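The values are calculated or read from the model by the stated rules, or taken from the named source; none is laboratory data. These figures come from a predicted structure and were not determined experimentally. Virtual Cβ from ideal backbone geometry, glycine too; neighbours counted across all protein chains shown. All accessible areas refer to the heavy atoms of the entire protein, side chains included, with ligands and DNA or RNA removed. Shrake-Rupley method; radii C 1.70, N 1.55, O 1.52, S 1.80 Å.
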Amino acid sequence: MLPHKCSTAGEWVRVEPLSVAIHGDALWQGVQDNDDLWRYMPYGPFEIREAFDTHLRKCEASPDPLFHAIVDRLSGRAVGISTLMRIDPANRVIEVGGIVFTPALQKTRGATEAMYLLARYVFDELGYRRYEWKCHALNAASRRAALRFGFSFEGIFRQHMIVKGENRDTVWFSMLDSEWPARKAAFERWLDPLNFDDAGMQKTPLNGN
C-alpha cells in the first residue's frame, strides 16, 4: 500500500500533514536561534523566515518524503517535524527521517509518542514489513534514539552521501514487522500514565534507556 500523509493522535501529541499556513509560525519560533537542530540535515539552518517558509512549501508539496508536523495537544502548537521517506510499497519498506524536535518537544513524552504513532501507522495500518532509521554516523543523539525506540543496528555505509559539501557515513537501523508487537507493547507500557511519578519522571525506561 502506498502511504498517504497520516493524521493520528495520542495523549500528548498529534501527527498530521505539514502545512505552512497552519504550522509555519509555531515551527519558525521553535527553530529560531537553534542552529544545532540542522547540524546533520541536508538543509538549514535558516536565517530568515522567508527562506524557512520556502523550505516548508517544498516539504508540504513533496510526495516522498511525506512531511508531518508534530503538534502539542495542550497548546495546539507545532513543536516538531518528521517524515516517512524512501517509500518502497512493492517490498513494504519505509524509513522514518527528517526528524526535527524543537526544544519544546525534546525529552518529552510527546517526542516518544510521536515516534510510536508513526510506527503504529506503518505496521498496523499500512502493513509494512520493514521500518528503517538512518542517520549521520557522527549524530550520537540520533543513534541513541534509534536504539531507545527499539530499532536494531545494522551497520555503517561509508561515504554514503555528500551533505553540505562533506562526506557522510550513514548508520542503518531497522525494525521488522515480526518485532513490532514487542516494540509496540514496550511503547505502550512506557507511555502509560502509571509509568510516571507526580513530578513527571519515568519509573521504568523505554527499552532500557
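Quick notes
- Only one of Thr170, Thr204 that is surrounded by fewer than 18 Cβ atoms within 10 Å (Cβ to Cβ), closer than 19 Å to Glu11 by Cβ and among the hydroxyl-bearing types (Ser, Thr, Tyr): Thr204
- For first residues located in segment 163-176 and over 14 Å from Arg39 (Cβ atoms), partners that are surrounded by 19 or more Cβ atoms within 10 Å (Cβ to Cβ) and among the hydrophobic types (A, V, I, L, M, F, W, C) and lie 6+ apart or on another chain with Cβ distances below 6 Å form the pairs Val171/Cys135; Phe173/Trp133; Phe173/Ala146; Phe173/Phe151; Met175/Phe151.
Let's see how each residue does on (1) without any contact (Cβ under 8 Å) to a residue 60 or more places away in the chain; (2) open to solvent by less than 70 Å² (accessible area, probe 1.4 Å):
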| residue | (1), (2) |
| --- | --- |
| Asp36 | yes, no |
| Phe46 | yes, yes |
| Asp53 | yes, yes |
| Arg77 | yes, no |
| Ser82 | no, yes |
| Met85 | yes, yes |
| Ala90 | yes, no |
| Gly98 | yes, yes |
| Thr102 | no, yes |
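- Near pairs, Cβ below 7 angstrom, 6+ apart or cross-chain, from segment 59-74 (within 19 Å of Ala111 (Cβ to Cβ) and of a type in the set (A, V, I, L, M, F, W, C)) to any residue that is open to solvent by 70 Å² or more (accessible area, probe 1.4 Å) and part of a strand (DSSP E or B): Val71/Arg14
- Among the residues making up segment 14-56, those that are within 19 Å of the chain's Cα centre (by Cα) and among the basic types (Lys, Arg) are Arg14, Arg39.
- Matching residues in segment 116-155 - criterion: being touching a Ser or Thr at 6+ places or on another chain (Cβ under 8 Å) and either modelled with pLDDT under 95 or loosely packed, with under 15 Cβ neighbours inside 10 Å (or both): Ser152, Glu154
- Subset of segment 1-34 that is touching a strand residue (DSSP E or B) at 6+ places or on another chain (Cβ under 9 Å) and among the β-branched types (Val, Ile, Thr) - its residue that is most open to solvent (accessible area, probe 1.4 Å): Ile22
- Segment 183-201 - residue that is assigned to a loop (DSSP other than H, G, I, E, B) and either open to solvent by less than 40 Å² (accessible area, probe 1.4 Å) or not acidic (Asp, Glu) (or both) and, of those, nearest to Ala145 (Cα to Cα): Met201
- The condition (being more than 30 Å from Gly44 (Cα to Cα) and either in contact with a strand residue (DSSP E or B) (Cβ under 9 Å, 6 or more places away or on another chain) or at pLDDT 95 or above (or both)) is satisfied by just one residue among Asp198, Asp169, Asp177, Asp88: Asp177.
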